[in-house]
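Read the structure below first, then the notes.
The values are calculated or read from the model by the stated rules, or taken from the named source; none is laboratory data. Since the model is a prediction, treat every value here as computed from it, not as a measurement. A quick note on method: Cβ atoms are made from the backbone with ideal geometry, for glycine too, and the neighbour counts reach across all protein chains shown. Accessible surface is based on the protein model in full, side chains and every heavy atom, while ligands, DNA and RNA are left aside. Shrake-Rupley method; radii C 1.70, N 1.55, O 1.52, S 1.80 Å.
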Amino acid sequence: MRRRLLLGLLAAPLLASCESDGAEATGTLRIATGSPGAVYYRYGTAIADLAQRYLPNVHASVLSTAASQINVDYLLNGTADVAFTQADIAAENETRHPGQLAALARLYDDYIHVVVAARGPIASLADLTGHRISVGALGSGTAITADRVLSVNNVTVNRAQLGLDDSVAALRASSIDGFFFSGGLPVAAIAELAKAMPIRLLNLADSVQSLRRTFGDYYAERVVPASTYSGITATVVIGIANYLAVRLSMSDPLAYGVTRLLFEGRDDLAKAHQAAARLNIRSAISTPPLPLHPGAIRYYRAQKA
């Protein structure tokens, strides 16, 4: 497979036009991301910066949101043009709104974190019972996945619905006993928390098969290495693929241009967050149940020439 990466994006004239069948990318590119302390926001901001530099007829901007589910809602109602979302959330929305969404790429895997104080009484998922736990912000993929994890394990908690930054602050203040968060490694806000206080990640290995049986094959066993956050041991958690989703009605030139930015600007995107470096052209085309956008397909086919 021929590599067509541009070293340092120095070949700007080629990338600037991002032509597809002679048509140039135009229009708005409102990117629905997540909270400022998480991966979606950093990755999305970097994509917007590249688009402003290399897609001169595209107006790019970033929307900070509660993440996956709100992002898809924004796509469907026209508030956003591009959205980061988890595969399980994409699947649920494809069932409810068939034929409206498409994907540009599978980007990287999210890791489900369940974070508690290392010196506290919670050492397992079952120990969450009766404790005050943030399951994620309303409308986030974290909240939906957290509810699924709790349900397959028959665990009932005293629920709080806080975003990542508020969850971190609440755990530090001891106003909650733990929190769920779904994000690519490392999550900056959790890394900062681990420097401020000893934390523990809960092992979720026993939940993977139950989730797959109940909700579909979007969940996999993943390991958070001990080097990821200060003071933790290597921990088995749940992995979920992330997609960059768009409406199927997006113009082909714009879809082609953004897909091309992802790959030819990968080094610059990785400076914003290392999750961007995990983009792989072979895995990027696997976005079930969302179809690839025709503009993205044109880009991928060109790489085989």
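Answer with yes or no whether ALA60 is assigned to a loop (DSSP other than H, G, I, E, B) and either among the charged types (D, E, K, R) or open to solvent by less than 10 Å² (accessible area, probe 1.4 Å) (or both).
Answer is no for this residue.
What number goes with the only condition from (1) more than 22 Å from the chain's Cα centre (by Cα); (2) closer than 11 Å to ILE238 by Cβ that ARG148 does not pass?
With respect to (1) more than 22 Å from the chain's Cα centre (by Cα); (2) closer than 11 Å to ILE238 by Cβ, ARG148 is out only on (1).
Anything in region 276-292 that is closer than 16 Å to ALA87 by Cα and open to solvent by less than 20 Å² (accessible area, probe 1.4 Å)? List them, or say none.
Within region 276-292, LEU279, ALA284, THR287, LEU290 qualify.
Looking at ALA270, ALA234, ALA241 in this structure, which one is among the small types (Gly, Ala, Ser), closer than 30 Å to PHE179 by Cα and loosely packed, with under 14 Cβ neighbours inside 10 Å?
The unique qualifying residue is ALA234.
Just give me the residues in region 137-152 being free of Cβ contacts under 8 Å to residues at least 60 places away in the same chain and either surrounded by 18 or more Cβ atoms within 10 Å (Cβ to Cβ) or of a type in the set (Phe, Trp, Tyr) (or both), in sequence order.
ALA146, LEU150
Given the conditions (1) open to solvent by less than 20 Å² (accessible area, probe 1.4 Å); (2) under 18 Å from the mean Cα position of the chain (by Cα), and given that GLY178 satisfies all but one, which numbered condition is not satisfied?
(2)
Return the only residue of LEU162, LEU211, LEU171, LEU150 being touching a strand residue (DSSP E or B) at 6+ places or on another chain (Cβ under 9 Å) and part of a loop (DSSP other than H, G, I, E, B).
None of the others qualify; the one that does is LEU162.
Would you pick out the residues in region 190-208 that are over 22 Å from the mean Cα position of the chain (by Cα) and either part of a strand (DSSP E or B) or under 22 Å from ARG148 (Cβ atoms) (or both)?
If the condition is that a residue be over 22 Å from the mean Cα position of the chain (by Cα) and either part of a strand (DSSP E or B) or under 22 Å from ARG148 (Cβ atoms) (or both), then ILE199, ARG200, ASP206 are the ones that fit.
For ALA160, indicate whether it is surrounded by fewer than 20 Cβ atoms within 10 Å (Cβ to Cβ), touching a helix residue (DSSP H, G or I) at 6+ places or on another chain (Cβ under 9 Å) and in contact (Cβ under 8 Å) with a residue 24 or more places away in the chain.
Spelling it out, ALA160 is indeed surrounded by fewer than 20 Cβ atoms within 10 Å (Cβ to Cβ), touching a helix residue (DSSP H, G or I) at 6+ places or on another chain (Cβ under 9 Å) and in contact (Cβ under 8 Å) with a residue 24 or more places away in the chain.
In this structure, is PRO253 open to solvent by 10 Å² or more (accessible area, probe 1.4 Å), in a loop (DSSP other than H, G, I, E, B) and either at negative phi or of a type in the set (S, T, N, Q) (or both)?
Spelling it out, it is not the case that PRO253 is open to solvent by 10 Å² or more (accessible area, probe 1.4 Å), in a loop (DSSP other than H, G, I, E, B) and either at negative phi or of a type in the set (S, T, N, Q) (or both).
Could you please tell me which pairs satisfy a Cβ distance under 7 Å, a separation of 6+ or placement on different chains, a first residue in region 244-271 that is among the small types (Gly, Ala, Ser), and a second residue that is open to solvent by less than 10 Å² (accessible area, probe 1.4 Å) and in a helix (DSSP H, G or I)?
ALA245/VAL72; ALA245/LEU75; ALA245/ALA90; ALA255/GLY295; ALA255/ALA296; GLY265/LEU9; GLY265/LEU50; ALA270/ALA276
Which of the residues belonging to region 226-243 are free of Cβ contacts under 8 Å to residues at least 12 places away in the same chain and in a strand (DSSP E or B)?
None; the set is empty.
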